[in-house]
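Following: one structure in structure tokens, then a few remarks.
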Amino acid sequence: MSAVAAGGINLLRSRLLVALVFSLSLASYVYRGPYLALRSDSGDFATVYGAARAWTRGLNPYDHAELNRQLAEAGGPAALKITPLHRPSVYFLPAMPVAAIIASLPWRSARVLWCVLSAIIMAGGVLYVVLRNLPLTHSGKWLCASVILVLATPGIAGLRFANPGMLVIGLTAFAIQLALENRWNWSGLLLGAALCLKPQIAICGLAALALWRKSKPVVIGASLFALSGFIAAAQARSTGTLLVWIRTQQANILQSLAPGAVNDPSPAHPESWQLLNLQVIVSLFVHSRRIADLVVWAFAVLAIATFFVIRKNTAAPSFWRDLAFICAIDALVAYHRNYDAELFVALIPFVFELWREHRRELALLIATPLALLLSSYETLLSKLMNSPDSNPGLAYLLLARLPAFAVVTLTVLTIVAELTARRKLGNHRDSPIDVTEFVR
């Protein structure tokens, strides 16, 4: 057999193996994601679903009793209840017209459509970003995609609850990549939809694109957000009704942050370890909510000022480095649960960028907290923290907050990456990395 024929056979075997690995990974994702999501109560979706249905009828989208009535009338399960402490209605008004598109359907149909769309768009968005930007061979990119599908633990958790954040992560990822490809209109529309549903996630894409002067998608996205908010407000029968809605939402937000409530970052909430923001660490030592918030914001302002002072003097700015810092800062200060960490998949190109710049020690350092955020660590924590025999002390509580420590570490390391950026990278680029060498 000639060397050319042997090489062709080896290439075919390699591609068949890659196809098999990807197919198995995709099957695993479908089972753990949308399939199991459809067998759960989809509680997080129920909140925005009930709120949107109430809004379309001119009713208060933040009145939990009204939301439960809407859910029951739409055929929702009797056991599923929207409550102030566990499933508060806190979505901003611009979310209502967007969610109403699906909320116009009966519960069962809307739930299936929501779960399937969320799974497709989340996976599609993050894979689109990664596959378009990794310096890998064709087979290497698909192997990397397989790993992402298997290790998409935060996103899988969010899909099981049918949390809108998973849809928003996918929309934001698509918007970022489309903007990088100068497809402004689609980028702006997707970014606007993401901003309407969960601005605390989509703000990462908006800020990164604004920083890189991608003005058209930023303007389109912000305009769509404003237009959706205007439409939502116009649905109120009067200014007084609108003010009641706003006050009710504010009361719901405050109630969700009360000691022991679902969004409380302090140890009084037994599941506060699920949060990513720095407050979950500071609250272990500072018992005043206001002082804890001040400490977090002081750290964030210092980090932002440091990063941008350094960036101003860097001759080789990097979009992925900027996006990594913005995502880390956003997770640091804003309310985020563990499943929102799926957005950090979009930072994988940043790690590869550092590797190609021969800053490999820093690439490995950044990959470590990134891997923790994207791993099954949260699942292990859930079993440990919910064990009836557990009596967590301070050391145990600190260990449980490793994801929040990972976010802090990413914040610091992105500043270090900016500080040590080469003044001029030149034209040298390594050949694409062939990760299939490891499986031949």
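Quick look at the values:
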quantity	calculated
Residues 238, 266, 23, sorted so that the one with the fewest Cβ neighbours within 10 Å comes first	238, 23, 266
Cα-based convex hull volume of the chain per residue, rounded to whole Å³	162 Å³
Simple label model, 7 Å out from Cα along Cβ direction - residue 302 to residue 248, nm	4.3 nm
Nonlocal amide H pairs with residue 136, under 5 Å, H built at 1.01 Å	433
Using a Förster distance of 41 Å, the FRET efficiency for residue 309-residue 287 (Cβ separation, nearest 0.05)	0.75
Charge context of residue 241, other residues only, Cβ under 15 angstrom, K/R +1, D/E -1	+1
Kyte-Doolittle at least -1.0, axis length at least 30 Å by Cα - qualifying DSSP helices, the chain	3-30, 107-133, 289-312
Exposure proxy order (Cβ contacts within 10 Å, fewest to most) of 342, 361, 66, 353	361, 66, 353, 342
Dipole magnitude of the chain, debye to nearest 20 (Cβ charges: Lys/Arg +1, Asp/Glu -1, about Cα centre)	740 debye
Approximate spin-label separation residue 213-residue 132, in nm, with each point projected 7 Å along Cα-to-Cβ	2.1 nm
Net length gained if the chain between residue 334 and residue 85 were fully extended (0.36 nm per residue, minus Cα distance)	87.7 nm
Cβ-based charge dipole, region 15-256, positive-most Cα from 223, 127, 233	127
Percent RCO, i.e. relative contact order, over region 15-256, from Cα pairs under 8 Å lying at least 6 residues apart	26 percent
Rg and Dmax [Cα atoms of region 15-256; Å; Rg one decimal, Dmax integer]	19.0, 64
Shape category assigned to region 213-255 from the gyration tensor of Cα positions, a/c cut at 1.5	oblate
Radius 10 Å from Cβ of residue 324, net charge of other residues (Lys, Arg +1; Asp, Glu -1)	-2
Positive-end extreme of charge dipole, the chain - chosen from 366, 18, 243 (charges on Cβ)	18
Per residue convex hull volume, Cα atoms of region 1-155, in Å³	130 Å³
Within region 1-112: Cβ-based charge dipole about Cα centre, in debye rounded to nearest 20 (Lys, Arg +1; Asp, Glu -1)	320 debye
Geometric extent, Cα atoms of region 275-372 - Rg, Dmax (angstrom)	15.0, 45
Debye log10 I(q)/I(0) at q = 0.10 Å⁻¹ for region 132-254, Cα point scatterers	-0.43
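A short reminder: the numbers here are calculations on the coordinates, not readings from a lab. Treat the numbers as computed from the prediction; the structure is a model and nothing was measured. In this analysis, Cβ positions are derived from the backbone assuming ideal geometry, glycine residues included, and neighbour counts consider all displayed protein chains.
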